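The structure under discussion appears below in the form of structure tokens.
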Amino acid sequence: MKIYIDTLGCPKNFYDSRTAAGILEDSGHTLTTEPSEADVIMVNTCGFINDAKKESIDRIFEMADYKQYGKKLIVSGCLSQRYSSELFDEMPEVDAFLGVNDYETLPALLDSLDERKIIANSCTETELPEVKVRADGSMYSATLKIAEGCNNRCAYCIIPFIRGNYRSKRQEAVIAEAKALAEAGCRELILIAQDTTYYGYDLYGEYRLPQLLKQLCQIDGIRWIRLMYCYEDRITDELIQTIREDDKICNYLDIPIQHASDNILKAMKRRSTNRSITDKIAKLKERIPDIHIRTTLITGFPGETEEDFDTLYDFVAEQRFARLGVFAYSQEEGTVAGQMPNQIDEEIKTERADSIMRLQMEISLEKNRSKIDTVQEVIVDEIDEDGSYIGRTRYDAPEIDNAVIFTGKQEHKPGDMVMVHIDDAFDYDLAGTEV
């Protein structure tokens, strides 16, 4: 069969789709990039917050239009894991619902699609399957999921109940997959998990991220290694030293701190405090002077007062993060926070988020202007219609961070690494010329 996979949500979902693609190809199926050419369409959904759920549902109905041409429709991912029973009754258009831990059942599921409507949602916390690396020319930048699930029980988050408890991938399996990616042309390796800094503790009784990084740095072909989703309290001195010592590890850390008010952090069931976050950031900046920290924040958490928000706003103004995103709190059923009193009005939540993003726009412009007249190594992501190139520095993750638009002195393709002189700066982008 020909399969089309449509992926929504976070990098972990895109990794799962790549896992599914490898399983399907190993079982004799082929993939297509056009839903009109497919026998089966699979929508890999996100179900983390309300906006993501709405986007996923809209996409399912969009793909359901192809049913009139005899195609089958599978829904996988977090929305399917979380609501498969309800969706089974409400979406007769869908032929099968697949859980987040059940991609290895895909070949058997495809064989049964003509017989009945299916829920393949085992809720089993399996080990991470081996992922087949497809050398299709798109692997110059690749995510590598080093663990599944989460042991943190943040009050606002449903992920542990969707994806299960934390399960590290064995170190030798991570290294083998990274080597296969390098052989397929990968230059930028992006490590992901729900909490990358917890890596290894469940298997080895100690945090193994520093040791893992040291082994990954030895792989030929890998030029950049990027760390996402690092929890502040587990960023150890050993990890900081490891980042500092090897140039392959980007001086970029994604640290989702969520808030800066101790009252809200406690209500969120976070382990961090304002002081611990401030001290850790100070240590990172001292030990790694050009560190670029990305963080995410939540405004309008239940009970957030004006004073709590002012604390958060002042914290952002003081810390001046290189990269920052803000979400207005989404009240989710099944979470502790969803049952809390003092829920904040939607308009107030959104206005608070917008206020911080206006501040961050000023900070981002200031930081970008500081890069004018510097030379940056840039990885090419796209070729524009006018012949210019769009890429990123080592301080920017794909899809979510800043871009560099530059003119080249020679022809390039996605994945090429080019030295670029920065000529101009904007709120979230840089402009330059190839050196």
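The values are calculated or read from the model by the stated rules, or taken from the named source; none is laboratory data. Just so you know, these numbers come straight off a predicted model, no measurement behind them. As a convention, Cβ positions derive from the backbone with ideal geometry for all residues, glycine included, and neighbour counts pool all protein chains shown. Accessible surface is based on the protein model in full, side chains and every heavy atom, while ligands, DNA and RNA are left aside. Shrake-Rupley method; radii C 1.70, N 1.55, O 1.52, S 1.80 Å.
Odds and ends about this structure:
- D26/D220 FRET efficiency (R0 30 Å; Cβ-Cβ; nearest 0.05): 0.70
- The chain: most fluctuating residue of N251, N342, N368 per GNM, C-alpha cutoff 10 Å: N342
- Exposure rank, largest accessible area first [S355, S85, S56; 1.4 Å]: S85, S355, S56
- With both labels modelled 7 Å from their Cα along Cα-to-Cβ, the K413 to T33 distance reads 1.3 nm.
- Ranking by accessible area, most exposed first, for R208, R234 with a 1.4 Å probe: R208, R234
- Portion, in percent, of the accessible area of segment 151-242 that falls on carbon or sulfur, probe 1.4 Å: 45
- Nonlocal amide H pairs with G200, under 5 Å, H built at 1.01 Å: S168, R208
- Cα-based reach from K2 at 18 Å (exclusive), listing aspartates and glutamates while leaving out same-chain residues under 8 positions away: E25, D26, E34, E37, D39, D65, D95, E104, D111, D114, D136
- If R0 is taken as 41 Å, the Cβ-Cβ distance between E206 and T374 corresponds to a FRET efficiency of 0.55.
- Max mean-square fluctuation residue, GNM over the chain, Cα-Cα springs under 10 Å, options S27, S272, S141: S27
- If R0 equals 56 Å, the separation of the Cβ atoms of E238 and E306 corresponds to a calculated FRET efficiency of about 0.90.
- Build a GNM of the chain with springs between Cα atoms under 10 Å apart, and of G391, G334, G221 the one that fluctuates most is G334.
- The spacing between segment 57-92 and segment 319-387, judged by their C-alpha centroids, is 31 Å.
- Converting phi to 3J(HN,Hα) with the Karplus coefficients 6.51, -1.76 and 1.60 and the offset θ = phi - 60°, segment 97-114 yields 10, 10, x, 6, 9, 10, 5, 5, 8, 4, x, 5, 5, 4, 5, 9, 4, 7 Hz in sequence order, with x at every glycine or proline.
- Rounded to whole Hz, the Karplus (6.51, -1.76, 1.60) HN-Hα couplings of segment 283-290, x for glycine and proline: 5, 4, 5, 6, 7, 10, x, 9
- Listed residue pairs exceeding 30 Å between alpha carbons, taken from K367/K409; K371/K409; K169/K269; K53/K117; K72/K179; K266/K349: K72/K179
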